[in-house]
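The values are calculated or read from the model by the stated rules, or taken from the named source; none is laboratory data. A quick note: this is a predicted structure, and the numbers were derived from the prediction, not measured. Counting neighbours? That spans all protein chains shown, and the Cβs are built from the backbone with ideal geometry, glycine included.
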Amino acid sequence: MRLSWENRNDILKLAGALAPCFLMTTGDNKKSRKGILPKIFDKNPELKEKALDYLARVPREKKEEDFKKFEKFVKGEITWAEIKGYPKSMLKELARMAYLKYQTGDFRLAESLFKGLSIIDHVNWYYRSALGAVYQKQKLYEQAIEEYTMALSLNDKEIASLTNRGECYLHLENYQSALNDLTAAIALDHEGKNSWGKRARVLQKKIIDEGHGNPLMEE
């Protein structure tokens, strides 16, 4: 399941349901550990036993600290990278590797890396925009639009995401949505020197010249 702003509340509810189990102090006696986890764990006895062993070893104070961090993560107050203490230099290197894979056409690995980064650091718009570009290159335009939309929800002035999303709408023949994005991108390029602004102007002109819309129209 993709971790997004839309499903954070559902995850928080689930976390709340698991909290009593997670925070409960357990002993070595297996009878005393019976019923500590939800019944869903009964489907995988091996996993259940490992989870119980983990809960038995971790001090209650550590459990409480970790759960508070998890709540903050689900609410969007901190990132998974902050919870785990991942250095920014490591995330930057992973992003560089992902981009290189994208450039060389290894879209499967690029997608995997950018997906991971977008979960580890969910407030970073670049990872979402880059994932959109990976999908766009594969002509998966609807998926690309979803990622660009997420990137723009994190940074509404991101001109590359606006231009690329506009182009995706163009490929889907949703001309007015395309014009809306391209016009917004052009408005951000006040001096007309930005490469994405220039791309947006070319695409906007193509739509208008082909008689598919007017940038002044509204949906």
- Considering residues that are under 13 Å from the mean Cα position of the chain (by Cα) and of a type in the set (S, T, N, Q), the number found within segment 136-154 is 3
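Yes/no per residue for (1) modelled with pLDDT under 85; (2) of a type in the set (D, E, K, R); (3) assigned to a loop (DSSP other than H, G, I, E, B); (4) touching a helix residue (DSSP H, G or I) at 6+ places or on another chain (Cβ under 7 Å):
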{"position": "F41", "(1), (2), (3), (4)": "yes, no, no, yes"}
{"position": "E49", "(1), (2), (3), (4)": "yes, yes, no, no"}
{"position": "Y54", "(1), (2), (3), (4)": "yes, no, no, no"}
{"position": "L91", "(1), (2), (3), (4)": "yes, no, no, yes"}
{"position": "M97", "(1), (2), (3), (4)": "no, no, no, yes"}
{"position": "K101", "(1), (2), (3), (4)": "no, yes, no, yes"}
{"position": "E111", "(1), (2), (3), (4)": "no, yes, no, yes"}
- Message: Is it the case, given these coordinates, that S195 is among the hydroxyl-bearing types (S, T, Y), at negative phi and either exposed (fewer than 13 other Cβ atoms within 10 Å of the Cβ) or at pLDDT below 95 (or both)?
- Response: yes
- Only one of E142, E167, E146 that is free of Cβ contacts under 8 Å to residues at least 24 places away in the same chain and not β-branched (V, I, T): E146
